[in-house]
Amino acid sequence: HKINLLTKLLISYLLVLMFPVIVILSYYYPYSAEVVKEKEMDWNAHITEQFMTSMDTFTRYVYNLPFELVQNREFKMYKAEESDYQRVLIANEMKKYNATDAFIYNTLLYVKNIGYLFSKTGSAYSLDDLSIPGVGYYYENWAHEDMIQTLNDLHSPIVRPVENVVVPGNNRVRMLTFVQPLPVGGTNSPGAVMIMVREDTIVRMMKSVSETYSGDFFVLDGQGRRLVSSNDTSYQSSDDFKKLVHSLGEESVSSSGIHTISGSDYLVSSSVSDKNGWKYVSLLPVTKSLQGIRTIQLNTAILVGLILLLEMFIIYVSIRKNYQPIRRLVDLAVQVFEPRERKHMNEIDTIKYTLEELSLANSKLDEHMKGSLPIMRDNLLFELVSGHIAGWDDFEREARKVGIRFHHDSFTVGKLACINYTSA
């Protein structure tokens, strides 16, 4: 199919225009996305490091508090006996620790000899009080018998993941609980310390690291068990997430990478604390991290599209103006030389056909002009008078070709024969 010249020119100019644009966009789009991924991964790792540093700072007091309690001579835990006076003495002394750290929700000092737990608010709770919701601190997922046995037989610190605790007043609060023996590492412990930290306190700390961060934080202990999470996400129950947590639990160094969870890609950064071996993990969806660059890319594509439309209009108007002389020439050629075959021809084919017809007409005209020369007429008349032409009709036919016309009905021909005699 032969398209017209205007369409050819438009296509050629558009190809010339589009080629560098396509090359730039095909390089810019994937490369810019990779650059943003690298920057977001570095930022994700930085946020994770900051959160880990904040947690290490606040938990330092949690681990130091048992030593402070042991060093307080007013407690006399090894010699303490069950009496109202001793309970009041210890309860009043615990009030001194009420304003020491806003990170801690409450501290319960358990003294074996007395069989009571003393909070930093000055309250005293018996072991039985912890089994009654609304009276003591009731752990819904921690059996009361197991709790008592843990407090009595504890030899090393343990950390219970965030769980529901019914606090005095019958309010349910999610708590992260540190349980440590007194003194830490001692074989003859006089008691234990239960330090409770609210989950929302840790979540606020997570969000305070960056107000614009939209990822999820997770805190794992040294065995890879999840202690705290910033959000209850839908992917937490997926097998991919469990495998990821298990693999991160086995690692002992900080790392960053992209992992697929439930069909979606996430930027995953993990940092390992050298204080307690906890692992701090942050997950940021790749779609959120690339949202800014995707918006820029979309705006760029729209802008390039508008520029191309404008360029196409300018090119069309320019070519159309330059194309008009060729179009007039083609129209003239079509009027003068009607094509023999009624088939579609573009401008180039039409001009080519016209030139061929002009060449053919010129050849015919040249042949006709040569046929009407005087020598041709003289030769035909000589053939006539010599008797070489068989009939008059043949003569008339040949005479018309060389321009011989007889305007009268009759004519006379005179023949003169001359003999040239030469002398010897």
Residues satisfying the stated conditions in region 84-122, i.e. open to solvent by 40 Å² or more (accessible area, probe 1.4 Å) and part of a loop (DSSP other than H, G, I, E, B): Asn98, Ala99, Thr100, Ala102, Tyr105, Lys112, Asn113, Thr121
Any hit, region 271-287, residues being part of a helix (DSSP H, G or I) and closer than 30 Å to Pro20 by Cα: yes
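Yes/no per residue for (1) within 29 Å of Ser237 (Cβ to Cβ); (2) buried (at least 23 other Cβ atoms within 10 Å of the Cβ); (3) within 33 Å of the chain's Cα centre (by Cα):
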| residue | (1), (2), (3) |
| --- | --- |
| Gln180 | no, yes, no |
| Pro183 | no, no, no |
| Pro190 | no, no, no |
| Ile195 | no, yes, no |
| Asp200 | yes, no, yes |
| Val203 | yes, no, yes |
| Lys207 | yes, no, yes |
| Tyr213 | yes, no, yes |
| Phe218 | yes, yes, yes |
All positions within region 241-261 that are open to solvent by 70 Å² or more (accessible area, probe 1.4 Å) and over 22 Å from Arg160 (Cα atoms): Val253, Ile258, His259, Thr260
Condition met for Ser238 (open to solvent by 40 Å² or more (accessible area, probe 1.4 Å), modelled with pLDDT under 85 and not acidic (Asp, Glu)): no
Qualifying positions in region 127-162 - surrounded by fewer than 16 Cβ atoms within 10 Å (Cβ to Cβ), modelled with pLDDT of 90 or more and under 17 Å from Val62 (Cβ atoms): Ile158
Selection from region 163-173 of residues that are of a type in the set (D, E, K, R) and open to solvent by 40 Å² or more (accessible area, probe 1.4 Å): Arg172
Any chance Lys288 is modelled with pLDDT under 85, farther than 30 Å from Ile202 by Cα and either open to solvent by 90 Å² or more (accessible area, probe 1.4 Å) or in contact with a Phe, Trp or Tyr (Cβ under 6 Å, 6 or more places away or on another chain) (or both): no
Residue ID - most open to solvent (accessible area, probe 1.4 Å), chosen from residues in region 361-402 that are at pLDDT below 70 and part of a loop (DSSP other than H, G, I, E, B): Leu373
Failed item, numbered, when Val253 is tested on (1) in a strand (DSSP E or B); (2) at pLDDT below 80: (1)
Region 141-155, subset without any contact (Cβ under 8 Å) to a residue 12 or more places away in the chain and within 51 Å of the chain's Cα centre (by Cα), residue nearest to Gln180 (Cα to Cα): Asp146
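The values are calculated or read from the model by the stated rules, or taken from the named source; none is laboratory data. As the structure is a prediction and not an experimental result, all values here were calculated from the model. Every residue, glycine as well, gets a Cβ built from its backbone with ideal geometry; the counts of neighbours run over all protein chains shown. All accessible areas refer to the heavy atoms of the entire protein, side chains included, with ligands and DNA or RNA removed. Shrake-Rupley method; radii C 1.70, N 1.55, O 1.52, S 1.80 Å.
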